[in-house]
Amino acid sequence: MTGTPDNSFGFRAVAPDERRARIRRVFTGVAPRYDLMNDLMSFGLHRLWKRWLIAAVAPQPGERIVDLAGGTGDVGAGLAGPDRCVAICDPSVAMMEAGRKRALPHVQWIAGEAEALPFADNALDALTISFGIRNVTRLRDALAEMHRVLKPGGRAFCLEFSKPAFWLAPFYNLFSFQVIPRLGALVANQPEAYAYLVESIRRFPDQEELAALFRDAGFAQVKYRNFSFGIVCLHIGYKG
Ligand SMILES: C[S@@+](CC[C@H](N)C(=O)[O-])C[C@H]1O[C@@H](n2cnc3c(N)ncnc32)[C@H](O)[C@@H]1O
């Protein structure tokens, strides 16, 4: 699939380079207010979801771990410690600059994107990606790269918005489509950026579809766990 646009999940037929450029602009625009907006949009719940992700990773001494699409560093900071090697990797310099202001200890910041990871084969013990995978332009290529850079037995963790329980969907959709873009306009002065974020969630594969894509990329023992009635889902896979 390398080099081909992954348009099998209903993303609007936009050329990958155009979509990529648009996503870069979105994150450059939202970077200064990204952390505040996350708290407002999720009522602080994103902190809890990330804490559960970090607990699932359970980093061990000596491990080499990358938080991909690491943005301003929430997950990287939670994974980091003096006895392991943790890097935050993201293509958005603006997001990483916002994160660096927090002076997080024991983390490295590396520019790179999921579709072409700047790491050797079989290099990592674990890789996390939190609220990042729906932004990649070529999903299958990104999953193949995640698989490539893990050591045999290495583990991948993907935290992402997903398909909520049917009874929750009407309230969730109302909040997503009516409240979030207005909050984005009011707080971050970026209504289009937040409309993009909502739209990208709606168009992304659901729990089962993403699990199938993990398996297609070669991951074994793929499983997932819904958080908050499926608003968010954690997928886990191992390199066999
Ligand atoms: C919604 S933010 C998530 C940031 C952080 N992981 C968190 O959970 O708060 C999405 C991040 O994905 C990054 N991103 C966009 N396109 C990407 C790509 N192709 N590969 C890796 N990261 C990408 C953006 O720069 C942004 O920092």
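If you go through the stretch 64-72 one residue at a time, do you hit one that is on the phi < 0 side of the Ramachandran plot, open to solvent by 10 Å² or more (accessible area, probe 1.4 Å) and acidic (Asp, Glu)?
So far as the stretch 64-72 goes, no, none of its residues is on the phi < 0 side of the Ramachandran plot, open to solvent by 10 Å² or more (accessible area, probe 1.4 Å) and acidic (Asp, Glu).
Report, by residue number, each residue of the stretch 148-167 that is in contact with a Phe, Trp or Tyr (Cβ under 6 Å, 6 or more places away or on another chain) and more than 15 Å from the ligand (Cβ to nearest atom).
Within the stretch 148-167, Arg155, Pro164, Ala165 qualify.
For every residue, the table says whether it meets (1) without any contact (Cβ under 8 Å) to a residue 12 or more places away in the chain; (2) open to solvent by less than 20 Å² (accessible area, probe 1.4 Å); (3) farther than 30 Å from Ala123 by Cα.
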| site | (1), (2), (3) |
| --- | --- |
| Ala185 | yes, no, yes |
| Ala188 | no, yes, yes |
| Pro191 | yes, no, yes |
| Arg203 | no, no, yes |
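Give all pairs with beta carbons closer than 9 Å in which a residue from the stretch 212-240 that is free of Cβ contacts under 8 Å to residues at least 12 places away in the same chain meets a residue that is assigned to a loop (DSSP other than H, G, I, E, B) and surrounded by fewer than 21 Cβ atoms within 10 Å (Cβ to Cβ); count only pairs at least 6 apart in sequence or on separate chains.
Ala212/Pro205
Here's a check for you: in the stretch 114-149, which residue that is more than 15 Å from the chain's Cα centre (by Cα) and aliphatic (A, V, I, L, M) is surrounded by the fewest Cβ atoms within 10 Å (Cβ to Cβ)?
Ala120
Looking at the stretch 208-224, which of its residues are exposed (fewer than 13 other Cβ atoms within 10 Å of the Cβ), in a strand (DSSP E or B) and in contact with a Phe, Trp or Tyr (Cβ under 9 Å, 6 or more places away or on another chain)?
Those that are exposed (fewer than 13 other Cβ atoms within 10 Å of the Cβ), in a strand (DSSP E or B) and in contact with a Phe, Trp or Tyr (Cβ under 9 Å, 6 or more places away or on another chain): Ala220, Gln221.
The values are calculated or read from the model by the stated rules, or taken from the named source; none is laboratory data. Because the structure is predicted, anything quoted here is derived from the model rather than measured. Ideal geometry is used to build each Cβ from the backbone, glycine not excepted, and the neighbour counts take in all protein chains shown. Note: areas computed on protein heavy atoms with side chains; ligands, DNA, RNA excluded. Shrake-Rupley method; radii C 1.70, N 1.55, O 1.52, S 1.80 Å.
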